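So the structure is just underneath, and the comments pick up after that.
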Amino acid sequence: MTIVNAVLQGIFLGAFYAVLACGLSIMFGVMRIINLAHGDLAVLGAYATFVIVEQTGASALIAFVVSLPLMIVLGYVLQLTVLERSLKAGILTPLLATFGLSIVVQNLLQLAFSPDVRSLGGSAGTITTASWQVTSGLSVSALGLLVLLVAVLLFGGLQLFLSRTRVGWMMRATAEDADAAELVGIDSRAVYARATALAVATAALGGLFLGIRSVFDPVSGPTQLIFAFEAVVIGGMGSLRGTLLGGIALGVAQTVGAQIHPQFAVMAGHLLFLAVLIVRFGGARLRLRPV
Amino acid sequence: MEAAVLAAVDVRKRFGALAVLDGVNLSLHGGEVVGVVGPNGAGKTTLLNVLSGSLTPDSGSITLRDRDITRKSAAERCKLGVARTHQVPRPFVGMTVFENVLVAATAGGGKRGADAYELCVRVLEQCGLAHLANRRAEGLGLLQRKRLELARALAVEPAVLLLDEIGGGLTDAESAALVEMVAGLRDRGIAVLWIEHIVHVLMQVVGRLVCMDAGRVIAEGPPSTVVAQAAVIDAYLGGKA
C-alpha cells in the first residue's frame, strides 16, 4: 500500500512540476529559447501574489488572479525589450540573456524582500491542509488534487488553444518555420510576444503553487528551474503533452525514490532524467507537436 | 495602359562585393502573367525575395498600387496582397494540409470562421488537395508539397502571386494542369510573376517575358520576341537555338 500511496503522491508532485515546466516548454517550442530565468520568474510571481496578500489580506488564490495581468504584461515587455533583441544574435545569446535576467531578478528580490523565507500557505485557506484518508496508508490531499486538476486543465486548454484557435495555428506555424510564417502574413514578433506572455503567466501559476505547497525565498528560482527543465526533457523537448507526462514521471520517480531512502528522492529524479538523456541522445524531438 | 499593381523601380541589392540586383525595373499589372527567365545566379530569386519582403533592397523602391512598401515586412506585404511560393516547398510539416491553408487564410487573408473554411475548401479543391486535407503535411510527396505551397499562397487571396520555379520536376500532364491553373488565376485578375527554368512551359501562358542576367533585365517583351533576341540566346541558351 505504501508504494501505491507513493505513486499517488508522486503524481500530485509531478503535476506541480508540470505546471512549473509548462512555460519553459512553450518558450522552447515556439522560439527555441531555453529560459534560464524561468524559475526566477515563477518566484517573482509568488512574491507578486505575496505582496497583494500582505497589502489587502485577500486569499492567495484571489491575489494570484489580481497579479496575473501584471505578469502577462511583464512577459510582453520582456520579449519586446530583451529576448527579441537577443534572438537576432544567434542561439547562444538568449541563453546568456536569460542567465543575466535570472541574476537580476534574484538580486532585485533580495533587495526588496530580504533573504527571509516566505510562504503563501497561511493565506490560501483550508485548501493547504485539507485531506481525505482513503485507507490507513493512502491519503489524498485537497491541494494535491487541486494542482493535478489545474495541470490537466492547463495542458488540455493549451492543446485546444493550439489546435483550435487562430492564434494557436499562428503559433504552431511560427514555431515550425518563422520565415515561411511571415510569408503567409504572420507577424512573428507578435506571436513571440504572446508566447512569452503565456509562458510567464504559467510560471506565475507555478510560483503560486510553490508558495502554497512550501516556502520560497529570493534564490528559490534555480532549484525550480532544474525540476522544470528535467520535466521538459523527460517529456521530449517542444512537446507540451510530453511535458505534462514528463513532470509526472519526475514526481513519481522522486516519491518512489523516497521510499527507498528519504535522501534518495531528488537523486531518483535526476537518475530518471539522466536515463532519458542517454536513451534519447541525438534523437531529441524538436517540434511543438499538436495533440 | 492601366497603372501597375506591383512595381519595382531601380532596385539594387548587393551581397558583399556582388551586385545581385543591379538596377532592376519591373512592373506587373492585374490579369497578366509575366515570366522571368535567366541563368543561375542572374538574381531571379533575389528579385522575388525583395518583392515579397524577405529581403530589403539597398536602394530603389517597390510600390503596391502606388503605395510604397519597400520597408514593409513580409507579413505586412502578405496582408496587403502579395503572396509567394518557394522553390523548395516549406510546408508546416507538423500541421495538417487543411491547417496549413487555414493559417494562411486567417493570418494573411484576414478571413474568419466560416468564410475562412469555405475559402480553404475551395483552394484545396482547386489545387487538387481536397482528399488530403486531414493528412499531416509531413507525409506529402514533392508534387503535393508544391501544390500545398501554391494553395497556401492562394489562401491569402492575393492580388499579386509570385511563383518561384514551381514547374520543376513535373510531368507534361502536371505542368499542363499548372499552366491551366495559372491562366485561370490570371483571368480572375491576379497579377502573376513566374520564375521558371523550363521556358516552353512559361511560353504557354505568359503575356510578357523578362530575361535577367547578372542582376539586370537584359530583355523584356512578348515571349516570342524575347527568346529570339541575340542577348537572350547568349546569356540563357548558351548560344544554341
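None of the figures in this text is laboratory data; all of them are computed from the coordinates on show. These figures come from a predicted structure and were not determined experimentally. All Cβ positions, glycine included, derive from the backbone under ideal geometry; neighbour counts span all protein chains shown.
Based on DSSP H runs of at least 4 residues, each adding -39500 (n - 2.57), what is the mean residue ellipticity at 222 nm of chain A after dividing by all its residues, to the nearest 500 deg cm²/dmol? Please list the in-between numbers first.
Working: 12 runs with 211 residues, N = 291.
Using -39500 (n - 2.57) per qualifying helix, the result is -24500 deg cm²/dmol.
Could you work out how far the C-alpha centroid of segment A:47-96 sits from that of segment A:172-192, in angstrom?
After rounding, the separation between the Cα centres reads 24 Å.
For A:86, B:52, A:163, what ranking results if the residue with the fewest other Cβ atoms within 10 Å of its Cβ goes first?
Details: A:86 19, B:52 23, A:163 15.
Ascending number of Cβ neighbours within 10 Å: A:163, A:86, B:52.
Starting with the fewest neighbours, write out B:86, A:38 ranked by other beta-carbon atoms found within 10 Å of each beta-carbon.
Values: B:86 23, A:38 33.
So the residues, fewest neighbours to most, are B:86, A:38.
Dipole of segment A:2-280, Cα-centred, from +1 at each Lys and Arg C-beta and -1 at each Asp and Glu C-beta, to the nearest 20 debye? Intermediate results must be reported in sequence, preceding the final value.
Numbers: 12 positive and 11 negative charges, 70 e Å.
Here the size comes out at about 340 debye.
Given only helices, namely DSSP H runs of n ≥ 4 each adding -39500 (n - 2.57), what is the per-residue ellipticity at 222 nm of chain B, to the nearest 500 deg cm²/dmol?
On the way: 9 runs with 87 residues, N = 241.
Helix contribution divided over all residues of chain B: -10500 deg cm²/dmol.
Of A:252, A:65, A:82, B:88, how do they rank once you tally other Cβ atoms within 10 Å and put the fewest first?
Details: A:252 22, A:65 14, A:82 18, B:88 11.
Final ranking by Cβ density, sparse to dense: B:88, A:65, A:82, A:252.
For a test of the definition: using alpha carbon positions, the gyration tensor, and the 1.5 limit on a/c, classify the protein assembly as shown as rounded, prolate or oblate. Write down the numbers at each step before the final one.
Values: a/c = 2.78, a/b = 2.36, b/c = 1.18.
Because a/c hits 1.5 or more and a/b exceeds b/c, the protein assembly as shown counts as prolate.
Given A:88/B:111; B:13/B:111; B:44/B:72, which pairs have Cα atoms separated by over 27 Å? Please report the intermediate quantities before stating the final value.
Values: A:88/B:111 31 Å; B:13/B:111 34 Å; B:44/B:72 20 Å.
In this structure, A:88/B:111; B:13/B:111 exceed 27 Å between Cα atoms.
Of all alpha-carbon pairs in segment B:114-241, indicate the percentage at a distance above 18 angstrom.
It works out to 58 percent of all Cα pairs.
Output needed: percent of Cα pairs per 10 Å distance bin for segment B:72-145, bins running from 0 to the one holding the longest distance.
Computed distribution, short to long bins: 19, 51, 29, 2.
Please state, rounded to one decimal and in Å, the Kirkwood hydrodynamic radius that chain B gives when every pair of distinct Cα atoms enters the mean of 1/r.
18.2 Å
Hey, got the Cα dimensions of chain A along the principal axes, in Å, largest first?
Result for chain A: principal-axis Cα extents of 62, 47, 34 Å.
Just how far, in whole angstrom, is segment B:69-106 from segment A:135-160 if you go by their alpha carbon centroids?
Cα centroid to Cα centroid, the span is 40 Å.
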